[in-house]
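Participant: Sharing a structure below in structure tokens format, with a few things to ask.
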Amino acid sequence: VTHFGALAERINSTRLWDRHEQLATFGATSRGGVNRQALSNEEFAARRQLLTWAEPLGLTPTHDPAGNLFFRYPGRNSDLAPVLCGSHIDSQPTGGKYDGVSGVLAALEAAEVMRETGLVPERPIEIVAWMNEEGSRFAPGMMGSEAFARVRPLDAIRAVRDANGVMAGDELDRLFTVFPEIPVRPLGFAAAAFVELHIEQGPVLDAARIPIGVVSGIQGKKTYKISVFGEEAHAGTTPRSARRDALRAAAAMIDTLHREIVDADDVVRFTVGRVNVEPNAPSVVPAKVSFSVDLRHPEGEMLDGFALQLERVCTELAAPCTADVERLVDAPPLTFASELRDLIRETADRLALQAIDLPSAAGHDARNLNTVCPTAMIFVPCKDGISHNEAESVLATDLVAGTKVLAEVTAQLASR
Ligand SMILES: [Zn+2]
């Protein structure tokens, strides 16, 4: 048994930083970011690099049928449920070097120092890189953790196609062909806990220059497809009184929603990001318009209230057209296990690292793991909160601080 702090003091800043730089060469873009989308050749190459680093540590790699990649650090009792820690290595098409990657590399660095100190925990530890967190190639994202947590059936995930018509299932089969040496284990297993380190992707920690965020939970999210049905008509001959203009009704809805879905604290997030007009011709009164709504708030009651408001506005402003409000995603806000949050806060405190509690505004694989086992997240600052951007930037000292906390937290959890 290693004493508290022994892992933290061995965290190797150069090794951790160099591995971020090296992983960023797979799918590197000319503007300093990465394009490493799920199950692409670039992502396969990054997986290969992780294998190269894990091998001398004696970590055992496995895949599951959803393409999640695990590395097992053995414990004294292999029958005990493992502690899971990790994140993802896929990226947006113009992503940064740290989103997801930091959580996987921090977990790997934790295993490095556990090996160096000869730590043999009671429970095994499984480092994980979840398949397709980003959802840019195969949408929506978080496929690997959804399958693992049985939030979504594997068949449904395999059937999803990318923009070129390539099926996720075929790419998963290709993954298993490219890595025949990695055994494929059954989907899903019991875990004692899941801890995910991630860059904040928001400005709070960087602005306050605080290295550690103890993530309280993830804000709720609802998404909708609103369809407005009118009637095609000649732009020159049809009088206003006889028109059923779907675009005019949709524009009124969008404007009203932007004015009504607001709060004094500026916490609610309301976005219309996509509009489709049919027939989309300059001299035809639009017959059908559909638009997307992305609505988020950290409190369930507030989120539900705004959702009701959205349905009311769309119904009231539809005339002389009709409107259909279809809800696509309904992810309630969640709160992470308080005992894990306390452990992260105490650990940061014992390591003399400043920490604050904050909610996550973005979704993460931890949302799905929270349905499987006690789950928590550690945030580290990123410059100006910029993320999903090639300019994403972090300080090595912050990465090291987060990795110290992750290593000590994981060792404590695995010794229980
Ligand atoms: Zn991420």
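The values are calculated or read from the model by the stated rules, or taken from the named source; none is laboratory data. Bear in mind that the values here come from a model prediction, so they are computed numbers and not experimental data. When we count neighbours, we look across all protein chains shown, and the Cβ atoms used for this are built from the backbone with ideal geometry, even at glycine. SASA here: full protein model, heavy atoms, side chains in, ligands and nucleic acids out. Shrake-Rupley method; radii C 1.70, N 1.55, O 1.52, S 1.80 Å.
Participant: So which lysines can LYS288 reach, going by Cα to Cα under 19 Å and dropping same-chain residues fewer than 8 places off?
Facilitator: LYS225
Participant: Pull up all non-local amide H partners of SER216: gap of 5 or more, or a different chain, and H-to-H distance under 5 Å with H placed in the peptide plane.
Facilitator: LEU358, SER360
Participant: How would you classify segment 168-275 from its alpha-carbon gyration tensor, with a ≥ b ≥ c the square roots of the eigenvalues: rounded for a/c under 1.5, else prolate if a/b is greater than b/c, otherwise oblate?
Facilitator: In terms of gyration-tensor shape, oblate.
Participant: Give me the Debye-computed log₁₀ of I(q)/I(0) at q = 0.06, 0.07 Å⁻¹ for the chain, equal point scatterers on Cα only, no solvent, two decimals.
Facilitator: Debye intensities relative to I(0), on a log10 scale: -0.28, -0.37.
Participant: A further question on this structure: Can you give the net charge of the other residues whose Cβ lies under 14 Å from the Cβ of PRO61, counting K and R as +1 and D and E as -1? Walk me through the numbers before you get to the answer.
Facilitator: Working: positive: ARG47, ARG48, ARG72, ARG185; negative: GLU55, ASP64, GLU126, GLU181.
Once all neighbours under 14 Å are counted, the net charge is 0.
Participant: Report the relative contact order of segment 274-413, percent, no decimals, based on alpha-carbon pairs under 8 angstrom and at least 6 residues apart.
Facilitator: Details: 88 pairs, mean separation 23.3, N = 140.
This gives 17 percent for segment 274-413.
Participant: May I ask for the net charge around VAL268, where only other residues with Cβ less than 10 Å from the Cβ of VAL268 are counted and Lys, Arg are +1 while Asp, Glu are -1?
Facilitator: Working: positive: ARG269, ARG296; negative: ASP263, ASP265, ASP266, GLU299.
Taking every other residue near VAL268 into account, the sum is -2.
Participant: Report the net charge of residues surrounding GLU112, where surrounding means a beta-carbon distance below 11 angstrom and charges are Lys +1, Arg +1, Asp -1, Glu -1.
Facilitator: Values: positive: ARG10, ARG15, ARG19, ARG115; negative: GLU109, GLU116.
In short, +2.
Participant: Starting from the amide H of ALA391, placed 1.01 Å from N in the peptide plane, find each other amide H under 5 Å away whose residue is 5 or more places distant or on another chain.
Facilitator: none
Participant: For segment 1-80, what class follows from the C-alpha gyration tensor (a ≥ b ≥ c being the square roots of its eigenvalues): rounded when a/c is under 1.5, otherwise prolate if a/b is larger than b/c, else oblate?
Facilitator: Working: a/c = 3.01, a/b = 1.37, b/c = 2.20.
Since a/c reaches 1.5 but b/c is at least a/b, the shape of segment 1-80 is classed as oblate.
Participant: If amide hydrogens are placed 1.01 Å from N in the peptide plane, which non-local residues have theirs closer than 5 Å to the one on MET131?
Facilitator: ASN68, LEU69, GLY144, SER145
Participant: From the phi of every residue in segment 149-154, what ³J(HN,Hα) in whole Hz does the Karplus formula 6.51 cos²θ - 1.76 cosθ + 1.60 yield, where θ is phi - 60° and glycine or proline is x?
Facilitator: Result, ordered by residue: 8, 6, 7, 9, x, 4 Hz.
Participant: Further question on the same structure: Would you kindly calculate the translational diffusion coefficient of segment 316-381, applying Stokes-Einstein with the Kirkwood radius from alpha carbon pairs, for 10 °C and a viscosity of 1.306 mPa s, and quote it in µm² s⁻¹ without decimals?
Facilitator: Result for D is 105 µm²/s.
Participant: Let me ask something additional. For HIS3, HIS63, give me the order by solvent-accessible area with a 1.4 Å probe, most accessible first, ignoring ligands, DNA and RNA.
Facilitator: Result of the area sort, largest leading: HIS3, HIS63.
Participant: Hey, how much of the P(r) for segment 276-411 falls beyond 23 Å, as a percent of Cα pairs?
Facilitator: Cα-Cα pairs of segment 276-411 separated by over 23 Å account for 56 percent.
Participant: Roughly speaking, what is the centre-to-centre gap between segment 379-402 and segment 149-201 when only Cα atoms are used, to the nearest Å?
Facilitator: Using only Cα atoms to place each centre, the spacing works out to 26 Å.
Participant: Which order do you get for ARG36, ARG10 if you rank them by accessible area with a 1.4 Å probe, largest at the top?
Facilitator: Descending accessible area places them as ARG10, ARG36.
Participant: Pop out the ³J(HN,Hα) list for segment 61-66 in order, Karplus 6.51 cos²θ - 1.76 cosθ + 1.60 with θ = phi - 60°, rounded to Hz; leave Gly and Pro as x.
Facilitator: Running phi through 6.51 cos²θ - 1.76 cosθ + 1.60 with θ = phi - 60° gives x, 9, 10, 10, x, 8 Hz.
Participant: At a 1.4 Å probe, what is the % contribution of carbon and sulfur to the accessible area of the chain?
Facilitator: 50
Participant: Related question: Counting only helical runs of four or more DSSP H residues, what would the 222 nm mean residue ellipticity of the chain come to if each run contributes -39,500 (n - 2.57) and the total is spread over all its residues?
Facilitator: Computed mean residue ellipticity for the chain: -10000 deg cm²/dmol.
Participant: Taking 2.2 N^0.38 Å as the expected size of a compact globular protein, what ratio does the Cα radius of gyration of segment 214-349 give against it, to two decimals?
Facilitator: Its radius of gyration relative to the 2.2 N^0.38 Å reference: 1.40.
Participant: On to the next question. Working with all protein chains in place, sort ASP255, ASP265 by solvent-accessible area computed with a 1.4 Å probe, largest first.
Facilitator: ASP265, ASP255
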